[in-house]
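Each remark here refers to the structure printed beneath this line.
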Amino acid sequence: MTETPAAVRRTQSDSPWEDTLGFARAVAAGDLVLVSGTMPVSSGLVRAEGSPYEQTLLAFRNALAALEPFGLDAESVVRTRMYLSHTRDVEEVGRAHRELFAAIRPATTMVVVAGFTDSRVLVEVELEAYRAAYREEFRGDPA
């Protein structure tokens, strides 16, 4: 039997996909917290059908909620990923991302994919957060 190191902690949400596929909503490994692909779902239902902007806001809010058990919020986010089902939605998804993260400026990737497990979903997101205390040596110019 494999034991999980004490430095790794997993959390679940109410998503039925977590049990079906066997994954955690978020995993903390040391100071890094990874949030799994998160869709615009609330109470088990896809929300904001047809609105890439609203779906992006909801998906990111769901992903940010997964950081809360670790004592983190948007300011801890160092990387985001956005998966879109249509190129036409780039501007609206980007607008939602900008509203949430413009002041934080995480490393970001946006890609267009063939589709999602539910055709009403227009966007799915992922987050990575860093939970170590801000260190003096990282202030100022990164060079």
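The values are calculated or read from the model by the stated rules, or taken from the named source; none is laboratory data. This is a predicted model, so every value here is computed, not measured. So basically every Cβ, Gly included, is an ideal-geometry build from the backbone, and we count neighbours across all protein chains shown.
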Item to check | Condition check for residue 79: free of Cβ contacts under 8 Å to residues at least 24 places away in the same chain and either under 10 Å from the mean Cα position of the chain (by Cα) or closer than 15 Å to residue 119 by Cα (or both) | outcome: no
Checklist entry - Does any residue in region 27-47 that is at positive phi come within less than 6 Å, Cβ to Cβ, of a residue that is at pLDDT 90 or above and surrounded by 18 or more Cβ atoms within 10 Å (Cβ to Cβ) six or more places away or on a different chain, and which pairs are these? => result none
Checklist entry - Picking from 100, 72, which residue would you name as being crowded, with 17+ Cβ neighbours inside 10 Å and in a loop (DSSP other than H, G, I, E, B)? => result 72
Item to check | Lone unmet requirement of (1) touching a His at 6+ places or on another chain (Cβ under 9 Å); (2) more than 26 Å from residue 114 (Cα to Cα) for residue 30 | outcome: (1)
Item to check | region 103-117 - residue that is part of a loop (DSSP other than H, G, I, E, B) and surrounded by 14 or more Cβ atoms within 10 Å (Cβ to Cβ) and, of those, modelled with the lowest pLDDT | outcome: 116
Checklist entry - Within region 43-69, can you find the residues that are assigned to a helix (DSSP H, G or I), of a type in the set (Gly, Ala, Ser) and buried (at least 18 other Cβ atoms within 10 Å of the Cβ)? => result 59, 63
Checklist entry - So which of 107, 114, 74 ends up being in contact with a Ser or Thr (Cβ under 8 Å, 6 or more places away or on another chain), small (Gly, Ala, Ser) and within 21 Å of residue 132 (Cβ to Cβ)? => result 107
Checklist outcome for this item: Pairs returned, first residue in region 99-117 that is under 19 Å from residue 46 (Cα atoms), second residue that is part of a loop (DSSP other than H, G, I, E, B) and among the polar types (S, T, N, Q), beta-carbon separation under 8 angstrom, 6 or more apart or interchain, are 113/85; 114/85; 115/85; 116/85
Checklist outcome for this item: If you go through 53, 130, 134, the only one that is modelled with pLDDT under 95 and either within 14 Å of the chain's Cα centre (by Cα) or of a type in the set (Ser, Thr, Tyr) (or both) is 134
Checklist outcome for this item: Of the residues in region 11-42, those that are within 24 Å of residue 78 (Cβ to Cβ), surrounded by 14 or more Cβ atoms within 10 Å (Cβ to Cβ) and modelled with pLDDT under 90 come to 11, 13, 15, 18, 23, 24, 25
Checklist outcome for this item: Scanning region 58-76 residue by residue, those touching a Lys or Arg at 6+ places or on another chain (Cβ under 8 Å) and more than 21 Å from residue 113 (Cα to Cα) turn out to be 66, 70, 71, 72, 76
Item to check | Selected residue (only one of 124, 68, 91 is within 17 Å of residue 50 (Cα to Cα), of a type in the set (D, E, K, R) and without any contact (Cβ under 8 Å) to a residue 40 or more places away in the chain) | outcome: 91
